[in-house]
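Colleague: Take a look at this one; I'll ask things after.
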Amino acid sequence: MPELLQDCLSRNLTAVHTRIELACRRAGREPESAKLVAVTKYAPMAAVQGLVQLGHRVLGESRPQQLLERSREISAIEWHLIGHLQRNKVRAILPQVALIHSVDSIRLLERLQEIAQSMGIRPRVLLEVNVSGEPTKDGFSPPALKAVWEDIVEFTDVDVCGLMTMAPFDENPEHARPYFRHLRQLRDDLQGVTPACKLGELSMGMSGDFEVAIEEGATLVRIGSLLFEGCGDFVP
Ligand SMILES: *Cc1c(COP(=O)(O)O)cnc(C)c1O
């Protein structure tokens, strides 16, 4: 491990943790109540290993194939899948992931239920919501999710423990706030319909807008570029 890379990662990791803590305090929340998912999709293996050596334990990948390859090399940590999952990858991916953030259809949920039953496991997942309605984004629209919610809670072999969204890209993080607030409101509404089903997790906020997301209730922030910037030429 070249020392410069490790120093750079350490500085970035500390800075991100500090900003998460400050955002929690501003929002009157416990500093540990927002968890950092380090998104490693652009980072080379050396940098991922560097983060793990610094004690970081929760990593997110957006492509199932890359998650599978990397989880073979780096185990004993929590891998999260944050990108689209094809149904034919479910069987391979399930044993490797602690949380899937990106369940975006009933058909995928059906497949997860079927495979989970055959494996005797109960995977933790979040439902991805396309709050902004941008056609390029995956996820349930808020009205569609409300319409199928009572069917979703029947999938008892899958632990649906929260919601995930991405705000539209914008230089100004304040512009993301309504989308995050909407996701939280949607969670509260669904929770109201089925109080026994606990939707504790809100996965929202990336490098450009995570502080606003924490102020609006994020429990998981997915951060990539801020952790790796300046540590090599691999960040686009
Ligand atoms: C890439 C990615 C992130 C991290 O984005 P950064 O802006 O690099 O922090 C978060 N969430 C998802 C779903 C992503 O694909």
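Colleague: When ranked by the protection proxy of mean other Cβ atoms within 10 Å per residue, highest first, what sequence do the peptides 88-94, 110-116 form?
Modeller: 110-116, 88-94
Colleague: So, one more: With only alpha-carbon atoms counted, please give the Rg and Dmax of the stretch 1-113, in Å.
Modeller: Here Rg and the maximum Cα pair distance are 15.8, 47 Å.
Colleague: Find the relative contact order for the stretch 1-125 and round it to a whole percent, using C-alpha pairs within less than 8 Å whose residues are 6+ positions apart.
Modeller: Relative contact order here is 17 percent.
Colleague: With everything on Cα atoms, drop me the angle between helix 177-193 and the longest principal axis of the chain, reported from 0 to 90° to the nearest 10.
Modeller: Result, in degrees: 40.
Colleague: Report, in degrees rounded to the nearest 10, the 0 to 90 angle that the Cα long axis of helix 106-119 makes with the longest principal axis of the chain.
Modeller: It is inclined by approximately 80 degrees.
Colleague: What fraction of the Cα pairs in the chain, stated in percent, has a spacing above 27 angstrom?
Modeller: So the pairs more than 27 Å apart make up 33 percent of the total in the chain.
Colleague: Got a number for carbon plus sulfur as a percent of the chain's accessible area, 1.4 Å probe?
Modeller: After summing per-atom areas, the C and S share lands at 50 percent.
Colleague: May I ask you to work out the translational diffusion coefficient for the stretch 97-233 at 20 °C, viscosity 1.002 mPa s, via Stokes-Einstein with Rh from the Kirkwood sum over Cα pairs, reported in whole µm²/s?
Modeller: Using the Kirkwood radius from Cα pairs, D works out to 138 µm²/s.
Colleague: Taking H placed 1.01 Å from N in the peptide plane, check which residues at least 5 places from residue 39 or on another chain put their amide H under 5 Å from its amide H.
Modeller: Amide H neighbours of residue 39: 60, 223, 224.
Colleague: Can you list residues from other chains, or at least 5 along the same chain, whose modelled amide H is less than 5 Å from the amide H of residue 141?
Modeller: 130
Colleague: Could you tell me which residue out of 185, 195, 155 lies farthest along the dipole of the stretch 143-205 toward its positive end? Charges go on the beta carbon: Lys and Arg +1, Asp and Glu -1, centred on the Cα centre.
Modeller: 185
Colleague: Would you mind checking the tilt of helix 3-26 against the longest principal axis of the Cα atoms of the chain, expressed as 0 to 90 degrees and rounded to 10?
Modeller: 50 degrees
Colleague: I'd like the accessible area for residue 18, computed on protein heavy atoms only with a 1.4 Å probe and all protein chains in place. Round to 10 Å², please.
Modeller: Rounded to the nearest 10, the figure is 70 Å².
Colleague: Additional query: Normalised by the residues of the stretch 71-119, what does the relative contact order come to in percent, with Cα pairs under 8 Å and at least six apart?
Modeller: Value for the stretch 71-119: 39 percent.
Colleague: For n ≥ 4 DSSP H runs only, could you compute -39500 (n - 2.57) per run for the chain, divide by its residues and tell me the 222 nm figure to the nearest 500?
Modeller: -12500 deg cm²/dmol
Colleague: Looking only at Cβ-Cβ distances, which cysteines of the chain have no other cysteine closer than 4.7 Å?
Modeller: If one checks each Cβ against the other cysteines of the chain, 24, 161, 197 turn up with nothing under 4.7 Å.
The values are calculated or read from the model by the stated rules, or taken from the named source; none is laboratory data. Quick caveat, the model's predicted, so the values are computed rather than measured. A quick note on method: Cβ atoms are made from the backbone with ideal geometry, for glycine too, and the neighbour counts reach across all protein chains shown. Accessible surface is based on the protein model in full, side chains and every heavy atom, while ligands, DNA and RNA are left aside. Shrake-Rupley method; radii C 1.70, N 1.55, O 1.52, S 1.80 Å.
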